[in-house]
Amino acid sequence: MKVYDNYEISPCKRMLDSDVYPAKEYIEVCEEHEAEFWTLYGHIDGEGVQAIGDFCTREAAEQVYSRITGQPFTGSYQADARLRVMHAGPVLLAALEDLLGERPSVQGGVCQHCGRDYIGDFLEGDCPSDDCPSFKARAALALARAA
Ligand SMILES: [Zn+2]
C-alpha cells in the first residue's frame, strides 16, 4: 500500500451535469469565494489525489491536516519533507540505536561522542552535556518512545 506523500486542501462546489439524463451531480474544485465546502486530499505517488474528507470551513480542513502531519498548514504540497521523515522514523530510530551502541557514551572517563574528559568525576556512564551528540540522540530516542 502506498502512503500519502503530500496533502492538498481545495475549495469545492457541487455542479450539475445536465447534458446526461438523468442529470448527474459532480464535485469541482473552484475559486475560494465560490466554495461550498473544503476538501482535504492526500496525494499518492503515481496515482494522483484521493479525497480524505470534506469540511465546512478551510480552518476545519487545516486542523485535520495539522493533526495528521503535526505541523501547521502553510499551503498545499508543502508536507513532503515532513512526511518523508515521518515515514522514515522507524528506520531512523533503529539507525540511531545502532550508532549509540550498547556501551555508555563515557568510557574510561572520556565521552566517545564529544570527547569531553570526565576523568576525576566518573569513568563510565551517559554523557551529561546537553550539546553532546549522544545526549541529543538519547533525548530524541526518549521523545520517540514516550507514551
Ligand atoms: Zn559527550
_Qualifying position, being in contact (Cβ under 8 Å) with a residue 24 or more places away in the chain, in contact with a strand residue (DSSP E or B) (Cβ under 6 Å, 6 or more places away or on another chain), hydroxyl-bearing (Ser, Thr, Tyr) and within 13 Å of the ligand (Cβ to nearest atom), among SER76, SER105_ = SER105
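Could you run through segment 9-39 and say how many residues are under 16 Å from CYS56 (Cα atoms) and of a type in the set (D, E, K, R)?
The number of residues fulfilling the criteria is 7.
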*Taking segment 126-138 on its own, how many of its residues are open to solvent by 50 Å² or more (accessible area, probe 1.4 Å) and either among the small types (Gly, Ala, Ser) or near the ligand (Cβ under 9 Å from one of its atoms) (or both)?*
5
*asked:* Quick check on segment 34-43. Is at least one of its residues touching a strand residue (DSSP E or B) at 6+ places or on another chain (Cβ under 6 Å), more than 16 Å from the ligand (Cβ to nearest atom) and open to solvent by 90 Å² or more (accessible area, probe 1.4 Å)?
replied: yes
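Could you list all residues from segment 78-125 that are part of a loop (DSSP other than H, G, I, E, B) and surrounded by 14 or more Cβ atoms within 10 Å (Cβ to Cβ)?
Within segment 78-125, GLN78, ALA79, PRO104, SER105, GLY109, GLN112, HIS113, CYS114, ARG116, TYR118 meet the criteria.
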*Residues being surrounded by fewer than 12 Cβ atoms within 10 Å (Cβ to Cβ) and assigned to a strand (DSSP E or B): count how many of those fall in segment 1-23.*
3
*What number of residues within segment 45-77 satisfy the criterion of being in a helix (DSSP H, G or I), open to solvent by 70 Å² or more (accessible area, probe 1.4 Å) and closer than 24 Å to MET1 by Cα?*
1
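The values are calculated or read from the model by the stated rules, or taken from the named source; none is laboratory data. Since the model is a prediction, treat every value here as computed from it, not as a measurement. Methodologically, a virtual Cβ is constructed for each residue, glycine included, from the backbone with ideal geometry; neighbour enumeration extends over all protein chains shown. Ligands, DNA and RNA are stripped out before the accessible areas are found, and what is left, the full protein with its side chains, is counted by its heavy atoms. Shrake-Rupley method; radii C 1.70, N 1.55, O 1.52, S 1.80 Å.
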